[in-house]
Amino acid sequence: VKGKRDKMHYRLELDYERENWKHGSGDLVLTIDKLFVGYDVWENQYIEAGLTDTAFDDYDKWGDFTFDTTVETGEAGDQDVTIKYEGRYFDDVKVGASYTYGGKSSSGSELGDIVNGYIGYFGDSFSAVVGLEGRGGSDGKSKYGEQRLVGFGMRYAVNDTIHLGFNAFYEEEDIARKETVVDNTDKENKQSIFNDYQTQENQGALVSAKYIFTKQWELVGSYNYEEYEAWDPSSDVWDGKRYSWGTSRTWGTLGVNYKPTSSSIIALEMNAGDAAQDAYAYARVYF
């Protein structure tokens, strides 16, 4: 539910999803995904506050025409207690920045304060955006320490039919190697602190393309590369697991999009190579 009254904006977004991931309950759960109010400060200058996505989340996959099964930049995403600014300059330049107090991961682990932002050029046939993120860390409350992230995305429309894209990221993330119990008087709820934080270097990139057959049918694809230092057995930050793809992985994604109306889409994506899943399907209707 979203709307606008004069200069004030508002939005409420609910998710009803099954917790079918690892360690999930398996139940269908209703959660609040977004809940914020916004205000038009000046013409083309806007702020919002509440539970919303961090600034770079809007453009972290800008150069990727596929939907779900490709390289993930790993920015903070939706966060509570967030204030965000967005502004447009010279018609084609857009800037955004956000600050989150006491951020948390999708599993609820402490992340610390988060600052991120982006600057992008959005022309008629070419666009490019670069984003940055910094995380303060949990101060021993979780395994997540400080983090530094840079991401880049670009799109180029060769013509009305063929579009090309590129996306990349580089990340330095501090992850705790040890967990020390400091209070075990309550056996059901032991108190512990995390320590021995080590910096992991992660990076990834993809090239993507879209072919528009008609207004209803599109063919999309991407070629993906990811490298995480924790995958490398020779690294000091190796996570102790041996992966079938080794220290890096590559895979391809091919998908078909069908748009029965201007406000709906049905899509199917298939993967080949070292992808985390074989296929992904989704349907959306916009109101």
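Numbers at a glance
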| item | result |
| --- | --- |
| Chain lengthening between residue 40 and residue 258 when straightened (0.36 nm per residue, less Cα-Cα) | 74.9 nm |
| Projected-area average for the range 1-132 over all orientations - Cα convex hull basis, square nanometres | 9.4 nm² |
| Hz values of 3J(HN,Hα) by residue in the range 259-269 - Karplus curve (6.51, -1.76, 1.60), Gly and Pro given as x | 10, x, 9, 5, 10, 9, 8, 10, 9, 9, 10 |
| In Å², nearest 10: area of residue 33 left accessible to a 1.4 Å probe | 30 Å² |
| Estimated inter-spin distance, residue 234 and residue 105, nm [label 7 Å along Cα→Cβ] | 2.8 nm |
| Stretch gain in nm, segment residue 125-residue 95, where the contour uses 0.36 nm per residue and the Cα spacing is subtracted | 8.9 nm |
| Lys, Arg +1 and Asp, Glu -1 on Cβ, resulting dipole of the range 93-192 about Cα centre, debye, nearest 20 | 60 debye |
| Residue 212 accessible area, assembled protein chains, probe 1.4 Å, Å² | 40 Å² |
| Accessible area of the range 144-287 belonging to carbon and sulfur atoms, whole % at 1.4 Å probe | 53 percent |
| Ordering of 248-260, 152-164, 176-188 by packing [mean C-beta count within 10 Å, highest first] | 248-260, 152-164, 176-188 |
| Tail beyond 37 Å, pair distance distribution of the chain (Cα, percent) | 18 percent |
| Residue 227-residue 85 FRET efficiency (beta carbon distance; Förster radius 45 Å; 0.05 resolution) | 0.85 |
| Carbon/sulfur fraction of accessible area - the range 56-115, other protein chains in place, 1.4 Å, % | 53 percent |
| Karplus (6.51, -1.76, 1.60) ³J(HN,Hα), θ = phi - 60°, over the range 28-36, in Hz, Gly and Pro reported as x | 7, 10, 9, 10, 8, 8, 9, 7, 8 |
| Long-range amide H partners of residue 79 with built H, under 5 Å | 52, 53, 54 |
| Label point distance in nm, residue 164-residue 6, each placed 7 Å from Cα along Cα→Cβ | 5.0 nm |
| Accessible area of residue 27 in the full protein assembly, 1.4 Å probe (Å², nearest 10) | 90 Å² |
| Residue-normalised accessible area of the chain, given per residue in Å² at a 1.4 Å probe | 58 Å² |
| Scattering profile of the range 175-287 at q = 0.13 Å⁻¹ [log10 I(q)/I(0), Debye over alpha-carbon scatterers] | -0.74 |
| Selection from 199, 234, 126, by position along the positive dipole direction of the chain (Cβ) | 126 |
| Dipole in debye (nearest 20) - the range 63-135, about Cα centre, beta carbon charges: Lys, Arg +1; Asp, Glu -1 | 200 debye |
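The values are calculated or read from the model by the stated rules, or taken from the named source; none is laboratory data. Because the structure is predicted, anything quoted here is derived from the model rather than measured. Neighbour counts run over all protein chains shown; Cβ positions are idealised from the backbone, glycine included. The protein model used for the area step is the full one, side chains on, heavy atoms only, and it has no ligands, DNA or RNA in it. Shrake-Rupley method; radii C 1.70, N 1.55, O 1.52, S 1.80 Å.
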